[in-house]
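Asker: This is the structure I have questions about; it appears just below.
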Amino acid sequence: MALFIYHPRYELKWGGHVFPVEKYRLLHDRLVADGLVGAEEFLVPEPATDDELLLVHTPTYLQRLEELVDRPMAAMLEFEAPYPHEVADAVRHATGGTILACERALADRTAALNLAGGFHHAFGDHGEGFCFLNDVAIAVRVVQASGLARRVAVIDCDLHQGNGTAAVFRRDPDVFTFSIHQELLYPMPKQQSTLDVGLEEGAGDETYLAAIERHVPRILDTHRPELVLYLAGADPFEGDQLGDLALTKSGLRRRDEIVLGAARERGLPAALVLAGGYARHTEDVVDIHLNTCRVMQELWG
């Protein structure tokens with residue numbers, strides 16, 4: 001059975017920010033209202049611990065984050081977002097949710113979706129691009145340290161390259177980092193993932209999906225991971241404010257079917273996080289994420 005993970009503390013307190021801070025709550029409410037998940041069926045994560053964060057982030061960086069909560073607007077230059085206590089708490093819980101998704105996917109041989117996460121621009125010693133902690137990297141290191149899994153494939157389908165994740169794992173052959181993104185867009189310069197596919201603006205469904213179909217099954221066959229960690233970003237959407245890859249909602253759903261279908265066909269557990277999505281209408285972001293949830297349930301339901 002597919003699993004869903006959510007905590008009411010996920011909601012970020014960024015008034016007027018381009019990031020649709022209410023999307024986690026709205027998606028949770030849609031899943032319940034549409035009868036896809038019972039309100040009592042969501043798994044509730046604990047916040048990530050200091051020991052878990054230290055598997056990826058340096059003590060100096062974590063100390064600096066602690067100091068920033070008392071002057072949250074000072075974080076704007078580095079992260080393009082403030083970092084008050086409520087946001088620090090939300091990010092810790094979201095990271096705990098990604099850890100829980102990986103642990104339960106592996107333990108139950110299923111798919112588990114965290115209704116937050118995907119903060120792939122955070123490096124070990126600094127953050128950027130709305131990302132304070134790299135929940136993806138932390139979750140991978142936790143399951144490696146616990147012995148639940150050694151080999152992991154990170155399939156990053158956010159609009160932007162997962163530069164922080166690429167940097168964390170650049171010397172770890174057990175972690176395959178794949179990023180498909182808009183090339184002439186933040187971050188600049190980019191890091192080197194195990195495999196990067198940088199697309200031109202206006203790529204659209206056909207070009208994007210051909211690349212996904214060409215690369216993802218081959219990655220899973222050659223790397224032979226024990227876990228697939230999928231960043232199902234909504235920001236390649238044609239209505240996104242930050243990019244121009246111009247995928248339709250049906251194209252994004254097909255992307256989910258290819259990635260998750262490839263994992264399911266090979267008997268691989270999958271952990272999912274939502275990553276980005278900045279459409280002018282938040283309902284579009286929620287619709288795209290809801291489609292991802294539906295595909296996961298259809299495959300593992």
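Asker: Under a Cβ-only charge scheme (Lys and Arg +1, Asp and Glu -1), can you give me the dipole magnitude of the range 1-86 about the Cα centre, in debye to the nearest 20?
Answerer: For this selection, approximately 300 debye.
Asker: Work from the charge dipole of the chain (Cβ charges, +1 for Lys and Arg, -1 for Asp and Glu, about the Cα centre) and give the residue of Ile288, Tyr230, Gln144 farthest towards its positive end.
Answerer: Value: Gln144.
Asker: Normalised by the number of residues in the chain, what is the relative contact order in percent for Cα pairs under 8 Å and 6+ residues apart?
Answerer: Once normalised by length, the contact order is 20 percent.
Asker: A further question on this structure: Tabulate in residue order the Karplus-calculated ³J(HN,Hα) for the range 111-124, using 6.51 cos²θ - 1.76 cosθ + 1.60 with θ = phi - 60°, rounded to whole Hz; enter x for Gly and Pro.
Answerer: Once θ is set to phi - 60°, the couplings for the range 111-124 become 10, 9, 10, 8, 6, 7, x, x, 8, 7, 8, 8, 8, x Hz.
Asker: Here's something else I'd like to know. With +1 on each Lys and Arg Cβ and -1 on each Asp and Glu Cβ, and nothing else charged, work out how big the dipole of the chain is about its Cα centre, in Debye to the nearest 20.
Answerer: 700 debye
Asker: A follow-up question, please. Can you list the residues, at least 5 places off or on another chain, whose amide H is less than 5 Å from the amide H of Leu113, using H built in the peptide plane?
Answerer: Result for Leu113 returns Leu3, Phe4, Ile5, Leu272.
Asker: Additional query: Considering the dipole of the range 30-125 built from charges on the beta carbon (Lys and Arg +1, Asp and Glu -1) around the Cα centre, which of Val91, Leu36, Ala116 is farthest to its positive end?
Answerer: Leu36
Asker: Taking springs between alpha-carbon atoms closer than 10 angstrom, which of Ser146, Ser193, Ser250 fluctuates most in the Gaussian network model of the chain?
Answerer: Greatest mean-square fluctuation among the candidates belongs to Ser146.
Asker: Counting only complete DSSP H runs, which helices of the chain cover 18 Å or more along their long axis at the Cα atoms and score a mean Kyte-Doolittle of -1.0 or above?
Answerer: The qualifying helices are 85-108, 204-223, 249-265, 282-300.
Asker: Top mean-square fluctuation among Leu54, Leu68, Leu77, Gaussian network model of the chain, C-alpha springs under 10 Å?
Answerer: Comparing Leu54, Leu68, Leu77 in a Gaussian network model of the chain, the most mobile one is Leu77.
Asker: List the residues whose amide H sits under 5 Å from the amide H of Tyr83, counting only those 5 or more places along or on another chain, with H placed 1.01 Å from N in the peptide plane.
Answerer: Met73, Ala75
Asker: At Thr222 and Thr248, where each label point lies 7 Å from the Cα along Cα→Cβ, what is the point-to-point distance in nanometres?
Answerer: Distance between label points: 3.2 nm.
Asker: Calculate the FRET efficiency for Arg109 and Arg170 from the Cβ-Cβ distance with a Förster distance of 30 Å, rounded to the nearest 0.05.
Answerer: It comes to 0.50.
Asker: Pick from Asp135, Asp196, Asp108 the residue whose mean-square fluctuation is largest in a GNM of the chain, springs joining Cα atoms under 10 Å.
Answerer: Judging by the Gaussian network model, the answer is Asp108.
Asker: To continue, here is another question. Once amide H atoms are built 1.01 Å from N in the peptide plane, which residues 5 or more positions from Leu229, or in another chain, come under 5 Å H to H?
Answerer: Close amide H contacts, sequence-distant or interchain: Ala153, Val154, Ile155, Ala271.
Asker: Can you pull the one-decimal nm distance between simple spin-label points at Arg25 and Asp70, each 7 Å off the Cα toward Cβ?
Answerer: If labels sit at Arg25 and Asp70, their model points lie 2.9 nm apart.
Asker: Testing the spin-label approximation: label points 7 Å from Cα along Cα→Cβ at Met188 and Glu46. State their distance in nm.
Answerer: For Met188 paired with Glu46, the spin-label model returns 4.4 nm.
Every number here is computed from the coordinates shown, using simple stated rules; none is lab data. The structure displayed is predicted, hence computed values, not measured ones. Counting neighbours? That spans all protein chains shown, and the Cβs are built from the backbone with ideal geometry, glycine included.
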